[in-house]
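To start, the structure under review is shown below, and the notes come after it.
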Ligand code: UTP
């Protein structure tokens, strides 16, 4: 079945990037000149997604403003002959059909996804974590959607992570089927040392069958007292198997200070407007490091 819908959970408090995220949603923190969530919406749109549900919460209204029309700004830009900029602003508002739903209590990523049940109905859904930006030539979620069409089971975007980082992520029991494609048979969220299956984690993207919603209703609270999406995917993996796809793009954790800086430096170096100047600046700076 063709995947047409996506959920972007963006309701979390973002405590790891305070004070930046105190009044600004962390999903609105910028990479050079675009907020993180715009990169994520563009990735979904490039992969063919038509309808997007963004899960928000109190204080996240700025996300809705960003994907809305801005008549005063558009009027000013067109009056000053900044026509291309004006078109760019209008395009942002026309990227996709974007819907919003508030998660009233931040009870975890699993709970955030479960809020999307009636939006999704009886279809598979792509899930793009709102603070994970993946940059590359092809949209990462498109690679996962192609795998869903091939295998017909839940698909997770996976990558190896340094062993020391595993307690912050998930750990997967998997075996390689072919280059960059794995069968996942078990998983654990935030493993304590000794509990890991492998150094592969789910990073930022998945495509899930509609059965995930019944599972999300059944799972108990997990790590950190939150309803964990990984715990629900574990049920899928054990019962019907899941596939892990090592997507090609580079993933930046916009929920961490280091991730934000890495995304900014690498994007600035490739930026058509400031790339050359930034490279020269960085080279000069690096000499004294
Ligand atoms: P994180 O666990 O990284 O978000 O969830 P967080 O809770 O904001 O993080 P910290 O630890 O306090 O810094 C990954 C994605 O899921 C969303 C977040 O907004 C983020 O984009 N999320 C998380 C929700 O939508 N609802 C939740 O209850 C939790």
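May I have the extent of the alpha carbons of the chain along their three principal axes, as whole Å values ordered from largest to smallest?
Rounded to whole Å, the extents work out to 60, 50, 36 Å.
Rank 231, 165, 186 by mean-square fluctuation in a GNM of the chain with C-alpha springs under 10 angstrom and give only the top-ranked residue.
Maximum among the listed residues: 165.
Rounded to whole Å and sorted largest first, what semi-axes of the equivalent ellipsoid does the C-alpha gyration tensor of region 68-133 yield via the square root of 5 times each eigenvalue?
Working through the eigenvalues yields semi-axes of 35, 13, 11 Å.
In whole Å and largest first, what semi-axes does the C-alpha gyration tensor of region 87-237 yield when each eigenvalue is scaled by 5 and square-rooted?
Taking √(5λ) for each eigenvalue gives 25, 20, 16 Å, largest first.
If we restrict to alpha carbons, what Rg and Dmax does region 125-196 come to, in Å?
Every Cα atom of region 125-196 included, Rg and Dmax give 13.3, 37 Å.
Can you show me the helix-derived [θ] at 222 nm for the chain, built from DSSP H runs with n ≥ 4 at -39,500 (n - 2.57) apiece and divided by the number of residues, rounded to the nearest 500.
Roughly -10500 deg cm²/dmol at 222 nm, from the helical runs in the chain.
With both partners inside the chain, how many of the DSSP beta bridges are antiparallel, as a percent to the nearest 5?
Numbers: 27 of 43 bridges.
Here the share of antiparallel DSSP bridges comes out near 65 percent.
Provide the packing ranking of 270-283, 195-208, 39-52, i.e. peptides ordered by the mean count of other C-beta atoms within 10 Å per residue, highest first.
195-208, 39-52, 270-283
Given axes a ≥ b ≥ c from the Cα gyration tensor, I'd like to know whether region 210-289 is rounded (a/c under 1.5), prolate (a/b larger than b/c) or oblate.
Cα axes put region 210-289 in the prolate bin.
Under the classification rounded if a/c is under 1.5, otherwise prolate if a/b is larger than b/c and oblate if not, where does region 5-128 fall, given a ≥ b ≥ c as square roots of the Cα gyration tensor eigenvalues?
oblate
Can you give the angle from 0 to 90° between the axis of helix 36-46 and the longest principal axis of the chain, with both taken from C-alpha atoms, to the nearest 10?
Between the helix axis and the principal axis of the chain, the angle is about 70 degrees.
If I model a spin label as a point 7 Å beyond the Cα along the Cα-Cβ vector, how far apart are those points for residue 258 and residue 46 in nm?
If labels sit at residue 258 and residue 46, their model points lie 2.6 nm apart.
How high is the FRET efficiency from residue 58 to residue 180, r the C-beta distance, R0 35 Å, rounded to 0.05?
Efficiency for this residue pair is about 0.30.
Within region 10-142, what percent of beta bridges assigned by DSSP are antiparallel, to the nearest 5?
25
Which of 73, 107, 236 moves the most in a Gaussian network model of the chain with Cα springs under 10 Å?
The residue with the greatest mean-square fluctuation here is 73.
When only Cα pairs under 8 Å and 6 or more residues apart are kept, what is the percent relative contact order across the chain?
Once divided by the residue count of the chain, the mean separation gives 22 percent.
Take the Cβ-Cβ distance between residue 106 and residue 283 as r, set R0 to 41 Å, and report the resulting FRET efficiency rounded to the nearest 0.05.
About 0.45, to the nearest 0.05.
To test your reading of the geometry: what angle, between 0 and 90 degrees and rounded to tens, separates the Cα axis of helix 140-151 from the longest principal axis of the chain?
30
As a footprinting exposure proxy, order 187, 28, 1, 106 by other Cβ within 10 Å, with the fewest listed first.
Ranked by crowding around the Cβ, least crowded first: 1, 106, 28, 187.
Which distance in nm do the two modelled labels at residue 16 and residue 30 give, with both placed 7 Å along the Cα-to-Cβ direction?
My value for the distance between the label points is 2.3 nm.
Output the Kirkwood hydrodynamic radius of region 155-198, Cα pairs only, in Å rounded to one decimal.
Taking the inverse mean of 1/r over all distinct Cα pairs, region 155-198 comes out at 10.8 Å.
Once you have the alpha carbon radius of gyration of region 152-264, what is it after dividing by 2.2 N^0.38 Å, with N set to its residue count?
For region 152-264, the normalised Cα radius of gyration is 1.05.
Which value in Å is the Kirkwood Rh of region 86-166 over different Cα pairs?
The answer is 15.8 Å.
Every number in this text was worked out from the coordinates using simple rules, so none of it is lab data. Keep in mind it's a predicted model, so treat the numbers as computed, not measured. Counting neighbours? That spans all protein chains shown, and the Cβs are built from the backbone with ideal geometry, glycine included.
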